[in-house]
Structure formats: C-alpha cells, structure tokens
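Notes to accompany the following structure.
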Amino acid sequence: MTTANQTEEVAVESPMLLTTRDAATVLSISRTTLYGLIAEGAIRPVHIGRSCRVSTTELRRYVDQLQAAS
C-alpha cells in the first residue's frame with residue numbers, strides 16, 4: 001500500500017511534465033530541434049494554458065521508437 005508521503009516523494013523525484021528546455025536537455029538536443037520534432041508530430045506536447053510541456057512518458061516513447069527503427 002502506498003502512503004501519501006511515498007506518493008509525494010515519487011512526484012518530486014520524477015516530474016510527469018518537463019519544460020521544453022528540460023525535455024531538450026534530456027534528449028541532448030536544442031530547443032529548436034525539439035520544437036521541430038513537435039511541429040512534425042514526432043513528439044506530442046501537453047499544453048497548459050500558454051505553456052508547452054512534454055511528458056516523460058512521451059520522451060520515452062520517442063526514444064523507444066528511434067531505437068526500434070535503428
């Protein structure tokens with residue numbers, strides 16, 4: 001059984017959504033390249049108001065897709 005404290009710790013340790021800057025850093029690419037991938041539909045962003053975020057799940061999906069193609 002998970003307690004509230006354990007759930008909060010997991011959320012703090014691994015955020016569900018990353019800024020475009022952080023997502024680009026995780027992938028070791030520029031923000032311009034990340035925005036290009038978003039524009040072509042390779043990475044699906046999450047929009048919250050005027051903010052653009054990328055989920056960690058989406059980043060993993062994208063990397064897995066690249067690995068499968070190679």
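Rule-based calculations on the coordinates, nothing more; no lab input. None of these values were measured; they are calculated from a predicted model. Ideal geometry is used to build each Cβ from the backbone, glycine not excepted, and the neighbour counts take in all protein chains shown.
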Q | Close pairs from the stretch 47-70: first over 14 Å from VAL26 (Cβ atoms), partner among the hydroxyl-bearing types (Ser, Thr, Tyr) and surrounded by 15 or more Cβ atoms within 10 Å (Cβ to Cβ), Cβ under 6 Å, at least 6 apart | A | CYS52/THR20
**Q.** Per-region count, the stretch 28-53, residues crowded, with 17+ Cβ neighbours inside 10 Å and out of contact with any Lys or Arg (no Cβ under 8 Å at 6 or more places or on another chain)
**A.** 4
